[in-house]
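**Student:** Sharing a structure with you now.
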Amino acid sequence: MDDTNYVRDKLIHGEAFFFAGSGICYESNLPSARTILKHSANVFLPTSVSEQEKDDTCTRIQPEVFYESIIGMTQKYDCLDMWRSLYKPEQEKHGLQCEPNLAHLFIAKYSQKYNVPIITTNFDCLFEQACDTLGIEYRVLLPDDSPPDIDSNVDTLSICKVHGSIQNMEGEYSPYTLWTTMTQITKVNTKWIEYLNALMQKKHMCFVGYSGKDIDIFPYIHEFSKEMEVKNILWINRFDRGHSDVASKACGATRACLRPTELFKDIAHELGLQPAQNNQTTNEPVAVENFLYFLEKSLANKRLLTDDEKELFHAVLLAKLGHYSAAHKHVTEIESRKSLQFSRHSNRHLLVLSCARLSHEISRYESCERYARQALTMLKSKDPYEINTFIQASCLVSEANRMSIPYDMYFKQPKTISESFHVFCVVAHFILTMITSKTRMLY
């Protein structure tokens with residue numbers, strides 16, 4: 001339901017703080033996260049994958065799953081180089097001007113005026129650039145930093161980048177300050193979650209340019225929205241479809257069905273903010289595309305994966321999307337080849353482990369055990385010892401043995417001495433695996 005006047009009133013009286021997503025950056029000519037993901041897929045997926053399948057994969061895959069998988073296979077953060085497209089010095093080298101738009105300028109000025117922080121999941125630095133344009137003193141807080149004091153009256157504006165930033169505190173491009181993996185975003189960041197809850201009790205959270213797709217923050221906000229102490233959520237979104245529409249309804253948000261810049265332009269004068277005089281210039285779409293293709297080509301030239309590893313990566317993504325049979329077919333076909341070109345031994349381990357895991361997923365338990373034991377054999381001559389592969393392979397052997405017990409309720413069924421001995425061996429293997437794994441981890 002559209003209630004623009006209500007949202008407008010809360011903003012005019014300074015009763016809100018902003019939570020900004022990447023949607024506010026499109027008017028600044030920045031590529032979307034999905035566009036960056038698609039160009040990354042062009043580099044790391046094999047040429048045999050059709051454009052339609054690439055599009056489908058990039059639409060369905062959680063980006064953090066994609067990037068965690070590729071970081072694991074390359075063991076290099078160079079694989080994130082497509083994110084350089086958000087870094088201002090890189091843009092300027094290619095003659096692009098991606099300046100903060102009215103939304104960035106308004107939110108920065110509003111947040112300074114009412115002494116509230118800016119919360120954003122964006123990696124780019126357009127809020128920092130907006131503050132520089134407006135002469136606002138600010139500080140950037142990253143996920144590992146402590147949140148600002150909620151009752152602080154300092155003049156410094158806090159830009160809270162809860163998913164990290166494209167540049168470090170020295171202003172240099174840094175992939176290490178990006179939260180792009182499932183390991184990072186599934187770790188409960190308690191201090192920031194509690195901080196957001198406390199803010200929501202003082203002010204109305206106002207979402208702008210935000211989809212609600214993230215799995216580390218919005219689920220908590222959704223739960224907080226049901227609490228009596230929390231003020232109702234405001235959501236600025238023109239469109240009555242898409243994920244943000246579903247998310248806004250899920251948390252009972254009050255909607256303003258306008259573009260953020262439309263609403264901000266309307267109320268900026270009443271607030272005495274006048275932030276709209278930015279020097280943004282529009283880049284030709286072809287110039288932005290050429291920039292992205294340049295980064296794509298540069299990344300491809302680093303040859304972080306061999307052709308065989310690209311096929312394995314494709315199979316890994318298929319498995320992540322739940323296409324177990326297709327993924328199993330891919331990995332077993334790769335594994336059966338007489339010669340493979342892999343850039344690192346860990347990817348050979350990943351191939352055999354994938355064969356084992358996917359055999360288990362499609363109920364081929366004998367194959368699962370065979371591949372898992374093969375992985376353990378491969379590790380014997382390796383130094384340093386790969387504890388992660390060891391634990392996974394050992395557990396898969398135990399699990400394959402467990403599935404060989406013929407009855408769901410086996411311990412309540414009559415059984416022969418040989419069957420009892422088989423159950424004993426399976427249980428013993430589980431216990432041995434647990435003890436051995438813990439010992440290896442301690443070592």
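The values are calculated or read from the model by the stated rules, or taken from the named source; none is laboratory data. It should be emphasised that the depicted structure is a prediction, and the values quoted were computed from it without experimental measurement. Because the Cβ atoms are built from the backbone with ideal geometry, glycine has one as well, and the counts that use them run over all protein chains shown. Accessible surface areas use protein heavy atoms only, side chains included; no ligands, DNA or RNA. Shrake-Rupley method; radii C 1.70, N 1.55, O 1.52, S 1.80 Å.
**Student:** Counting other Cβ atoms within 10 Å, keep those with at most 14, restrict to DSSP loop, and tell me which GluC sites (Glu not before Pro) in segment 160-228 are left. Kindly include the intermediate steps, with their values, before the conclusion.
**Tutor:** On the way: sites: 170, 172, 194, 223, 227; in loops: 170, 172, 227.
Those that pass, being in a loop and sparsely packed, are 170, 172, 227.
**Student:** Putting +1 on Lys and Arg Cβ atoms and -1 on Asp and Glu Cβ atoms, find which of 432, 325, 177 reaches farthest to the positive end of the dipole of the chain.
**Tutor:** 432
**Student:** Which value, in Å², gives the accessible area per residue of segment 164-284 when a 1.4 Å probe is used on the protein heavy atoms? Write out the running numbers ahead of the final one.
**Tutor:** Numbers: 6020 Å² over 121 residues.
For segment 164-284, the per-residue accessible area is 50 Å².
**Student:** A further question on this structure: Sticking with the crude label model, points 7 Å out along Cα→Cβ, report the distance from residue 293 to residue 370 in nm, one decimal please.
**Tutor:** Going by the 7 Å Cα→Cβ label model, 4.7 nm.
**Student:** Counting only heavy atoms of protein chains, what accessible area per residue, in Å², does segment 342-395 have with a probe of 1.4 Å? Before the final figure, lay out the partial values.
**Tutor:** Details: 2790 Å² over 54 residues.
It amounts to 52 Å² per residue over segment 342-395.
**Student:** Multiply the residue separation of residue 146 and residue 113 by 0.36 nm, subtract the distance between their alpha-carbon atoms, and state the gained length in nm to one decimal.
**Tutor:** Result: 9.6 nm gained on full extension.
**Student:** For every helix of n ≥ 4 consecutive DSSP H residues, a contribution of -39,500 (n - 2.57) applies; sum these over the chain, divide by its total residues, and give [θ] at 222 nm rounded to the nearest 500 deg cm²/dmol.
**Tutor:** The helix contribution divided over the chain gives -16000 deg cm²/dmol.
**Student:** May I ask for the angle, rounded to the nearest 10°, between helix 387-402 and the longest principal axis of the chain, with both axes built from Cα atoms and the value confined to 0 to 90°?
**Tutor:** Rounded to the nearest ten degrees, it is 60.
**Student:** If you place +1 on the Cβ of every Lys and Arg, -1 on the Cβ of every Asp and Glu, and leave all else neutral, what size is the dipole of the chain about its Cα centre, to the nearest 20 Debye? Don't skip to the answer; put the middle values down first.
**Tutor:** Values: 48 positive and 55 negative charges, 299 e Å.
In total the dipole reaches around 1440 debye.
**Student:** For Cα extents along the principal axes in Å, several values are listed as (1) 85, 52, 42; (2) 109, 51, 45; (3) 67, 59, 49; flag the one computed from this structure.
**Tutor:** Computing Cα extents along the principal axes in Å and matching it to (1) 85, 52, 42; (2) 109, 51, 45; (3) 67, 59, 49 gives (1).
**Student:** Something else now. Tell me whether segment 176-295 comes out rounded, prolate or oblate; compute the Cα gyration tensor, take square roots of the eigenvalues as a ≥ b ≥ c, and use a/c under 1.5 as the rounded threshold. Intermediate results must be reported in sequence, preceding the final value.
**Tutor:** On the way: a/c = 1.87, a/b = 1.19, b/c = 1.56.
Cα axes put segment 176-295 in the oblate bin.
**Student:** Classify segment 1-71: rounded, prolate or oblate, from the alpha-carbon gyration tensor (a ≥ b ≥ c, eigenvalue square roots; a/c under 1.5 rounded; otherwise prolate if a/b is larger than b/c)?
**Tutor:** The shape class here is prolate.
**Student:** Please sort 44-56, 296-308 by packing, taking for each peptide the average over its residues of neighbouring beta carbons within 10 angstrom, highest first.
**Tutor:** Highest mean packing first, the order is 296-308, 44-56.
**Student:** Please turn the phi angles of segment 370-375 into ³J(HN,Hα) values with the Karplus equation 6.51 cos²θ - 1.76 cosθ + 1.60 (θ = phi - 60°), one per residue in order, whole Hz, x for glycine and proline.
**Tutor:** Per residue, the Karplus-derived 3J(HN,Hα) values read 4, 5, 5, 5, 5, 5 Hz.
**Student:** Rounded, prolate or oblate: which fits segment 138-181 when a ≥ b ≥ c are the square roots of the eigenvalues of the alpha-carbon gyration tensor, with rounded for a/c under 1.5 and prolate only if a/b beats b/c?
**Tutor:** Note, shape of segment 138-181 comes out oblate.
**Student:** Of all DSSP beta bridges located in the chain, what percent are antiparallel, nearest 5?
**Tutor:** Taking every DSSP beta bridge with both residues in the chain, the antiparallel ones total about 10 percent.
**Student:** Please list the non-local residues whose amide H lies under 5 Å from the amide H of residue 167, H modeled 1.01 Å from N, same-chain partners needing a gap of 5 or more.
**Tutor:** 174
**Student:** Separate question: What FRET efficiency do you get for residue 59 and residue 284 if R0 is 30 Å and r is their Cβ-Cβ distance, rounded to the nearest 0.05?
**Tutor:** 0.70
**Student:** Given labels modelled 7 Å from the Cα in the Cβ direction, how far is it in nm from residue 395 to residue 333?
**Tutor:** 2.9
**Student:** So with the 1.4 Å probe, I'd like the accessible area per residue for segment 1-159, rounded to whole Å².
**Tutor:** Accessible surface, normalised per residue, equals 39 Å².
**Student:** For the cross-link pairs 38/93; 187/329; 187/213, which exceed 21 Å when the distance is taken from alpha carbon to alpha carbon? Intermediate results must be reported in sequence, preceding the final value.
**Tutor:** Values: 38/93 23 Å; 187/329 33 Å; 187/213 16 Å.
Checking Cα-Cα distances, 38/93; 187/329 exceed 21 Å.
**Student:** How would you order 61-72, 149-160 from highest to lowest mean count of nearby Cβ atoms within 10 Å?
**Tutor:** Descending mean neighbour count gives 61-72, 149-160.
**Student:** Okay, next question. Please turn the phi angles of segment 427-443 into ³J(HN,Hα) values with the Karplus equation 6.51 cos²θ - 1.76 cosθ + 1.60 (θ = phi - 60°), one per residue in order, whole Hz, x for glycine and proline.
**Tutor:** 4, 4, 5, 4, 5, 4, 4, 4, 5, 5, 5, 5, 5, 5, 5, 5, 5
**Student:** When ranked by the protection proxy of mean other Cβ atoms within 10 Å per residue, highest first, what sequence do the peptides 339-349, 247-257 form?
**Tutor:** 247-257, 339-349
**Student:** Express in nm, to one decimal, how much length is gained between residue 423 and residue 186 on full extension, taking 0.36 nm for each residue of separation and deducting their alpha carbon distance.
**Tutor:** Separation in residues times 0.36 nm, less the Cα-Cα distance, equals 81.7 nm.
**Student:** Here's something else I'd like to know. Taking all protein chains as present, what is the carbon and sulfur share of the accessible area of the chain, in % to the nearest whole number, probe 1.4 Å?
**Tutor:** 51
**Student:** Report, by chain and number, residues whose modeled amide H sits under 5 Å from the one on residue 256, excluding near sequence neighbours (fewer than 5 apart, same chain).
**Tutor:** 3, 235, 236, 237
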